[in-house]
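Working notes, beginning with the structure itself.
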Amino acid sequence: MDATQVVPRHLTAIARPDLSKPVALALADGIIAPSLTVFDYGCGRGDDVTRLKVLGYEAHGWDPGHCPDSRIRSADVVNLGYVVNVIEDPAERARVLRTAWSLARHVLVVAARPDWEARNVAGKRHGDGILTNRGTFQKFFRQEELQAWLQSELKASFVAAAPGIFYVFRDESRAQSLLASRVTRRYAPMHCPDIRRAVYETHREEMDALRGFVETRGRLPELRELPGATAHLIASFSSIKRAAAVLRQVIGAEEWDHRLESARERARQDLLVYLAFAAFSGRPKAANLPKEVALDVKALFGSYRTACDQADQLLHCVADQQALNATCRQSRVGKLTAEALYVHTSGLDLLSPLLRIYEACARVLTGTVTEANIVKLSRTAPKVSYLTYPDFDRNPHPALATSLHVDLNLLRVRYVDFRESANPPILHRKETFVPTDHPSHAKFAYLTRQEERAGLLRDSAGIGTRERWQSRLDELGYRLHGHRVIRKK
């Protein structure tokens, strides 16, 4: 390529039928909220801006190729989505990053193409990327490379949102709030026994809000933490404590105490996972904790130092492969093999704190791998894999589509694509991967019992791929119809 030749960057902008992945993630994570303004720096054809406006958000965008006359402006949230990867000059790439950061009052969302996508792009090497056959440039980032680059250029608090996507925060407490929210289990409304007390019925909505808070956080709320319900509760009961005492009476003292203790233990575990998770990006000082987290720490541990010490003990255990292996053996959730513990994503928060931290260590590098539904926790080496089985619920023996392997020793991420394979690995005994309360657990278990009676699962090592499984079915004269085994005529 001639040094004076201009790369047509505008050709990389594509028309999108839906929100781009970084913007959709920012919405799901609460980074983009109704009260916040959004600016899309390098907005391409402006599809994200248009859709955000339709959803009621104040959004604007600018692009040098498609919207050059739009005004570049500051905003609460700035999106730099798949921009840095199309800039062939590293110095200019860094300037664009810093400019976008200067416009962000609260959060900068940065997205770039991950390295495993390079295999699908035809072209030739140019600088640190590829000059495509269309004449455009693409730089593909390793996850750890993108993270290190952001750290060196911006020197700010950031969180991996997903592979190739990071949130960079002005205020460290916002980053900590996001990390804490990722490990906090949400309150699920439970059936309440027949309540005869008129006072409860009169204030059912406010009392349910109080119960939901307690069963999520393991403590009573401060006045400001139940803004919609507090005024009514205080007016009727004079204090949150008295309202909670009435709630304990109507639910039953033994049942309430059991729920509260269970909630406290879950909340303690969630906090330990969060504090261990936060250690990788620099654990905040106590004064910089989000207010609600600081209240949790005080109520559940007594002091921040105590909580951090316990989290550090668990982090040290993550480096102890024998401790991890022993904890995997004792896990009540997941499928245990000689090499690993496999867990469906719906069961991750039911793992022990040590195993949750083990998985969280990998997520520090990858962010949330949204398409993955099975997590593999290695028992033999510090490695975590995120496995994608697109038809897990419908297909009785789903095939592996992609895997993302994280080596915690080398801090490297490796992607493997099985979608073009004629003979991919498949799953058996699906009920072992999911929690017992999974909606399809009984259906999965019923299929396994049928297959065991038919002799299909003998020598499980010989049926781990699609072709071998089909050979076993043909050999024994069976076929599957949904999650049922049928003998061939």
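The values are calculated or read from the model by the stated rules, or taken from the named source; none is laboratory data. Computed from a predicted structure; not experimentally measured. All Cβ positions, even for glycine, are placed from backbone atoms using ideal geometry, and neighbour counts span all protein chains on display. These accessible areas exclude ligands, DNA and RNA; they are computed on the full protein's heavy atoms, side chains included. Shrake-Rupley method; radii C 1.70, N 1.55, O 1.52, S 1.80 Å.
For every residue, the table says whether it meets (1) modelled with pLDDT of 90 or more; (2) over 25 Å from Cys43 (Cα atoms).
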site: Thr132; (1), (2): no, no
site: Trp149; (1), (2): yes, no
site: Ser157; (1), (2): no, no
site: Ala160; (1), (2): yes, no
site: Tyr167; (1), (2): yes, no
site: Ala180; (1), (2): no, yes
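Taken over segment 95-113, the residue count meeting the criterion of being part of a helix (DSSP H, G or I) and in contact (Cβ under 8 Å) with a residue 40 or more places away in the chain is 7.
For segment 296-318, a residue qualifies if it is open to solvent by less than 30 Å² (accessible area, probe 1.4 Å) and in contact (Cβ under 8 Å) with a residue 60 or more places away in the chain, and the qualifying residues are Asp296, Leu300, Val318. How about segment 41-51: which of its residues are assigned to a helix (DSSP H, G or I), among the charged types (D, E, K, R) and open to solvent by 40 Å² or more (accessible area, probe 1.4 Å)? The one that is assigned to a helix (DSSP H, G or I), among the charged types (D, E, K, R) and open to solvent by 40 Å² or more (accessible area, probe 1.4 Å): Arg51. Say whether the condition of being open to solvent by less than 20 Å² (accessible area, probe 1.4 Å), aliphatic (A, V, I, L, M) and under 27 Å from Arg472 (Cβ atoms) is met by at least one residue in segment 402-412. So far as segment 402-412 goes, no, none of its residues is open to solvent by less than 20 Å² (accessible area, probe 1.4 Å), aliphatic (A, V, I, L, M) and under 27 Å from Arg472 (Cβ atoms). Restricting segment 280-295 to residues that are out of contact with any helix residue (DSSP H, G or I) (no Cβ under 6 Å at 6 or more places or on another chain) and free of Cβ contacts under 8 Å to residues at least 40 places away in the same chain, the residue that is most open to solvent (accessible area, probe 1.4 Å) is Lys285. Take segment 52-66 and flag every residue that is crowded, with 19+ Cβ neighbours inside 10 Å and under 27 Å from Phe137 (Cα atoms). Hits for segment 52-66 are His60, Gly61, Trp62, Asp63. Taking the criterion of being in contact with a strand residue (DSSP E or B) (Cβ under 7 Å, 6 or more places away or on another chain) and either more than 18 Å from Cys43 (Cα to Cα) or open to solvent by 30 Å² or more (accessible area, probe 1.4 Å) (or both), the only residue of segment 83-100 that qualifies is Glu88. For segment 449-458, filtering for residues that are open to solvent by less than 100 Å² (accessible area, probe 1.4 Å) and either without any contact (Cβ under 8 Å) to a residue 12 or more places away in the chain or basic (Lys, Arg) (or both) leaves 1. Just the residues that are on the phi < 0 side of the Ramachandran plot, open to solvent by less than 40 Å² (accessible area, probe 1.4 Å) and not in a strand (DSSP E or B), please, taken from segment 150-176. Within segment 150-176, Leu150, Leu154, Ala156, Pro163, Ser173, Ala175, Gln176 qualify.
Here Leu410 meets the list (1) within 25 Å of Thr368 (Cα to Cα); (2) in contact with a Lys or Arg (Cβ under 7 Å, 6 or more places away or on another chain); (3) free of Cβ contacts under 8 Å to residues at least 12 places away in the same chain almost entirely, failing just condition (2). Looking across segment 114-137, the residues that are of a type in the set (Lys, Arg) and not in a strand (DSSP E or B) come down to Arg119, Arg134. Remark: pairs (first residue in segment 368-379, β-branched (Val, Ile, Thr); second residue in a strand (DSSP E or B) and modelled with pLDDT under 95; Cβ separation under 9 Å; 6+ apart in sequence or on different chains) = Thr368/Ala160; Thr368/Ala161; Thr368/Ala162; Val369/Ala162; Thr370/Ala162.
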